[in-house]
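Remarks on the structure that follows.
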Amino acid sequence: QVQLVESGGGLVQAGGSLRLACAASGRTFSSYAIGWFRQAPGKERREFVAAIDWSGGSTVYADSVKDGFTISRDNAKKTVYLQMNSLKPEDTAVYYCAAKRGISRYSYDYTYWGQGTQVTVSS
């Protein structure tokens with residue numbers, strides 16, 4: 001089993017940067033792919049942002065973020081990062097990380113979820 005805790009959210013001006021972290025507990029963390037999803041205010045579903053496989057060798061991004069966001073992982077620290085640059089007001093959302101075996105961009109594939117961290121981008 002894997003438990004996930006997100007951190008690093010906050011308030012930032014448009015054009016600014018934030019780095020989110022997803023810290024995991026559990027001995028098998030390094031065997032899991034990690035995905036980042038976000039849920040914007042008033043939206044019912046969580047939107048895919050980025051995902052990384054167990055080794056860090058394969059990554060996928062949503063088209064809306066691929067030029068400004070970078071996902072990475074440090075298995076020794078059991079942490080996955082989401083570096084977000086050139087933030088826009090439309091990036092405002094609660095950001096969640098999730099774990100599963102095998103990389104995927106679909107939220108229904110993920111088994112374990114964190115509690116989320118709020119990112120607010122002001123114009």
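Just so you know, all these numbers are worked out from the coordinates, no wet-lab data involved. Predicted, not measured: the structure shown is a model, and the values here were computed from it. Here the Cβ is made from the backbone with ideal geometry for all residues, glycine too, and neighbour counts use every protein chain on show.
The table below gives the values:
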item	result
Distant-in-sequence amide H partners of THR92 (H built 1.01 Å from N, under 5 Å)	VAL121
Principal axes of the chain: Cα extent on each, largest first, Å	41, 28, 23
Contour minus Cα-Cα distance for GLN1 and THR111 (0.36 nm per residue)	38.7 nm
Qualifying chymotrypsin sites (Phe, Trp or Tyr not before Pro) in segment 51-123, DSSP loop, other Cβ atoms within 10 Å at most 11	TYR106
ASP63 paired with ALA76, simple spin-label distance in nm, labels 7 Å along Cα-to-beta-carbon	3.9 nm
